[in-house]
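To start, the structure under review is shown below, and the notes come after it.
Nothing in this text is a laboratory measurement; each read-out follows from the coordinates by a stated rule. Nothing here was measured: the structure is a model prediction, and the numbers come from that model. In this analysis, Cβ positions are derived from the backbone assuming ideal geometry, glycine residues included, and neighbour counts consider all displayed protein chains.
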Amino acid sequence: MAGAAANAALTPGRLRLGVNIDHVATIRNARGGDHPDPVRAAEIVAAVGGDGITAHLREDRRHIRDEDLARIQAATDLPLNLEMAATEEMLEIALRHRPHAACIVPERREERTTEGGLDAAGQHNRLAPIVARLSDAGIRVSLFIAPEARQIEAAIRLGAPVVELHTGEYAHATGETRAIELKRIADMAALAARNGIEPHAGHGLTYENVQPVAAIPQLAELNIGHYLIGEAIFVGLENAVRRMRDLMDEAR
Ligand code: PXP
């Protein structure tokens, strides 16, 4: 869909919820057919007031497939946030589909999920042309990074308008460590915002751990997938998204 229409869907000041629908496709692919269809999930997310659809086209196509992208874009007016590795293949696909946003993620074939943040600091020269070509095409670039000052500084040097802070360490931590991880996210959201970068966050967020993150005032968007799709098995996707939305609103 057109970028302008996607931008119109964004309400400034509100903590947006982007729903990652990858794992609907994981279940579909387990049997090789076309059910359950991630497009139907995207339609439900739109109907229930989600703010965006996030989908990761992996190199191995383990969940979302190439043809899903255009179908998702055609099915809803919600902005599409395409998660992608920094490769020529993915760049070419992004330029063809022109999603509202592209979130550059690290990708290792053998990992179960995106386990760490992108090393924006160590890969400046590789990332710079990709960020520039996506930006020139009007695609809003986000870098999925660990909540570390050196990665924010790298995002500034790369001219990325958005960073998504990896909340995995926070989500997996307990007790005092969780408080330390939460503070890192809050401090890095503030650092990004002070430098004109819009901070988002995501990974491993659940009903139980979302509220302290949602309460961080600089954060503009959370991207949540696995837990919501898992909950949807028990309560339906509408109810799962509604409950997450209510918890986020309550925390603000
Ligand atoms: N944000 C990014 C950049 C991701 O890669 C992912 C999925 O790996 C998520 C958010 C969602 O994480 P989860 O599925 O754990 O909610």
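Please tell me the relative contact order of the chain in percent, rounded to the nearest whole number, where contacts are Cα pairs under 8 Å and at least six residues apart.
Details: 475 pairs, mean separation 47.1, N = 252.
In percent, rounded to a whole number, it is 19.
Along the charge dipole of the chain, Cβ charges K/R +1 and D/E -1, which of 131, 214, 84 sits furthest on the positive end?
Checking the options against the dipole of the chain, the answer is 131.
Build a GNM of the chain with springs between Cα atoms under 10 Å: which of 173, 193, 86 gets the top mean-square fluctuation?
Of 173, 193, 86, the Gaussian network model singles out 173 as fluctuating most.
Stretched out fully, how many nm does the piece from residue 71 to residue 92 gain, at 0.36 nm a residue minus the Cα gap?
Details: separation 21, 0.36 × 21 = 7.56 nm, distance 1.78 nm.
Computed gain between residue 71 and residue 92 is 5.8 nm.
Which shape class applies to the range 147-248: rounded if a/c is under 1.5, otherwise prolate when a/b exceeds b/c and oblate if not, where a ≥ b ≥ c are the square roots of the Cα gyration tensor eigenvalues?
Details: a/c = 2.36, a/b = 1.69, b/c = 1.40.
Prolate is the answer for the range 147-248, as a/c is 1.5 or above and a/b outweighs b/c.
Normalise the Debye intensity by I(0) for the range 20-66, one equal point scatterer per Cα, no solvent, then take log10 at q = 0.26, 0.27 Å⁻¹ and round to two decimals.
Values, matching the q order: -0.92, -0.96.
According to the square roots a ≥ b ≥ c of the eigenvalues of the Cα gyration tensor, what is the shape class of the chain, taking rounded for a/c under 1.5, prolate for a/b larger than b/c otherwise, and oblate for the remainder? Can you show the working numbers first?
Numbers: a/c = 1.39, a/b = 1.08, b/c = 1.29.
Rounded is the answer for the chain, as its axis ratio a/c remains below 1.5.
How large is the charge dipole for the chain, taken about the Cα centre, if only the Cβ atoms of Lys, Arg (+1) and Asp, Glu (-1) carry charge, to the nearest 20 debye?
240
Count the net charge of all other residues whose Cβ sits under 15 Å from the Cβ of residue 76, scoring Lys and Arg as +1 and Asp and Glu as -1. Don't jump to the answer; show the numbers that get you there.
Working: positive: 16, 40, 71; negative: 37, 43, 51, 68, 77, 238.
So the environment of residue 76 carries a net charge of -3.
In the chain, if the dipole is taken from +1 on Lys/Arg beta carbons and -1 on Asp/Glu beta carbons about the Cα centre, which of 232, 24, 121 is farthest to the positive end?
121
Go ahead and set up a Gaussian network model of the chain, Cα springs under 10 Å, then flag whichever of 30, 102, 75 fluctuates most.
Among 30, 102, 75, the largest mean-square fluctuation in the Gaussian network model of the chain belongs to 30.
Net charge near residue 200: determine it from the other residues with C-beta under 14 Å of the C-beta of residue 200, scoring Lys and Arg +1 and Asp and Glu -1.
Working: positive: 14, 16, 140; negative: 51, 83, 164, 198, 221.
My count for the surroundings of residue 200 gives -2.
Just to verify a number: FRET efficiency for residue 31 and residue 174, C-beta to C-beta distance, R0 = 25 Å, to 0.05?
After rounding to 0.05, the efficiency reads 0.10.
How would you order 194-205, 16-27 from highest to lowest mean count of nearby Cβ atoms within 10 Å? Could the numbers behind the result be given before it?
On the way: 194-205: 20.7, 16-27: 23.3.
Taking the mean over residues of other Cβ atoms within 10 Å, the ranking is 16-27, 194-205.
How far apart, in nm, are two points set 7 Å out from the Cα along the Cα-to-Cβ line at residue 133 and at residue 14?
Between residue 133 and residue 14, the simple spin-label model gives 3.5 nm.
With springs connecting C-alpha atoms under 10 Å apart, model the chain as a Gaussian network and identify which of 45, 105, 235 has the largest mean-square fluctuation.
235
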